[in-house]
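Read-outs throughout are calculated quantities, based only on the coordinates presented, and are distinct from any laboratory measurement. Just so it is clear, the model here is predicted, and its values are computed rather than measured. Reconstructed Cβ throughout: ideal geometry from the backbone, glycine too, with neighbour counts over all protein chains shown.
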Amino acid sequence: MLLMAFIEVNATQRRYAPLATTALSDYVFTIENEAQVSDRILEFDLYLLDTDPSQVFELGLIQAGIIVNPLIYNGGTITVTRNVGSSQMVPTNVPPNVVWRQDQNAIKLVPNAGGTIPGAGTIISTVAPGTRLCRLRITNTVAFSSGVKANLMHNFTTVPYPTSVSMFQGTINVMLVSDVTNCYSNAANIALNTIPTVFVVNGGGSYCQNNGGLPVDLLNSETGVSYQLYKDAVALGTAINGTGSAISFGNQLAGTYTVKGIRFGISADMTGSVIISEDPTIIADVTIDPSSNPVVKGIPVIFTPVPVGGGTSPTYQWYKNSLPVATTDTYSYLPVDGDQVYAVMTSSDTSPCLTGSQAQSNTITMSVSQGTNIGNNGDIKIDIYAFDKNIFVSCSEKANQVYIYNALGSLIKLENNIFGLKKINMNDYAETYYFVKIVTGNKVYSEKVLLK
């Protein structure tokens, strides 16, 4: 079959007139638009361009010998086909046959044996890149060798096959000069099945709860590569095609993110990972707690704030009966029955997740009892005294509770269900005055005692 093709071409060439003058050979025959379609398919176009607009270039016949780099085979078997419908030529000009010779590493584009009738040939475009003769597809039975270029180029010798072009000059089909000056490759000659270039994953940080997350980006990308985002090592969503510039995966919620680039099944991990965390929303709040309530008249009470979202140095405005009374961290005073105490906190927290910078506390209504003198009270006898770092309480009736307060009004001891004499150890406390409160039934007794 190949021999017959050669005989037909030679017969056709014998009909050619002698080589045209330089003025009649103003054309370029180029290999264009090389593109890898899959791991084992490569496509490219053949274009003919008239570079002399002063004359009409009517195509006579065209044939091509294209050399292919054998290093791309990777042990596979190559086939070459013409994509149907890809030609912009008239039917009588379209090369009907494409022959692949793997032993010669050559593609042979065989011309239409019938030739073209003058006046019926393809008029070649003067607008770059010209008229597309056809699109050819190289298919391998295995994946092309990684990183190797096809190095497509025209051949001009009879072995393995020559590239030649003819045009009609009037009614004469004139063969034109074909050499490396006007028959060459504009293809990118891309490296096949290359590992995607590694770029840097960018982003990360923290965001406030319910605020939609933070963006994850890739600082650059390649066309022909798809980029898959992973969250905590699990693929997230669909891959994004590279653009040749930076790409974004949009806002993402809390997690650790990585990106993998994939081209024809060959993947590469992009550099780095980003960590996104979610901070809870903080609502400024404060509660206050009195050292004692109810309290015996004459015993001071200390109010202590318990802040939420107060920061490192919150400030307080204290109110008693709706009037401002102090701006200290705690508030201490001698209460009157029915007093109402609350505080307003101003937070020092500068977190963007803080909601509100001020908060009003709960209101404490004080309950203050008058107390009862110590001594004989009807049938009840109560004695309170201190000796040898102990406080002694003697009660002729069961005491439900015995409270001991320091001079600031803070409760430091509590004893329940006492009858008779009770020794309360005070070795861990300073020798100073303390307040003792005894509750029996519905009566309250209090006494100031000096520990010694």
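In plain terms, the residue of Met426, Met270 with the fewest other Cβ atoms within 10 Å comes first and the most crowded comes last, giving Met426, Met270.
Per the helix-only calculation at 222 nm, which mean residue ellipticity applies to the chain, given -39500 (n - 2.57) for every DSSP H run of n ≥ 4 and division by its residues, nearest 500 deg cm²/dmol? Intermediate values should be presented prior to the final figure.
On the way: 1 runs with 12 residues, N = 452.
That comes out to -1000 deg cm²/dmol.
Absence of a disulfide-compatible partner, taken as no other cysteine beta carbon within less than 4.7 angstrom, is noted in the chain for Cys134, Cys183, Cys395.
Lys and Arg at +1, Asp and Glu at -1: add these up for the other residues within a Cβ distance under 13 Å of Trp100 and post the number. For residues surrounding Trp100, the net value is +3. Exceedance of the 22 Å cut-off in Cα-Cα distance is limited, within the set Lys297/Lys423; Lys389/Lys422; Lys381/Lys448, to Lys297/Lys423. The value obtained for region 201-279, namely the Cα convex hull volume divided by the number of residues, is 76 Å³ per residue. Residues Val234, Val402, ranked from the fewest to the most other C-beta atoms within 10 Å, line up as Val234, Val402. Start at zero, step by 5 Å, and the Cα-Cα distances of region 242-341 spread as 2, 8, 14, 13, 9, 6, 5, 4, 5, 6, 6, 6, 5, 4, 3, 2, 1, 0 percent across the bins.
In terms of surrounding Cβ atoms within a 10 Å radius of their Cβ, Tyr161, Tyr333 rank from fewest to most as Tyr333, Tyr161.
Straight-line cross-link partners of Lys443 among the aspartates and glutamates, defined as a Cα under 15 Å from its Cα and at least 8 positions apart when in the same chain: Asp379, Glu397.
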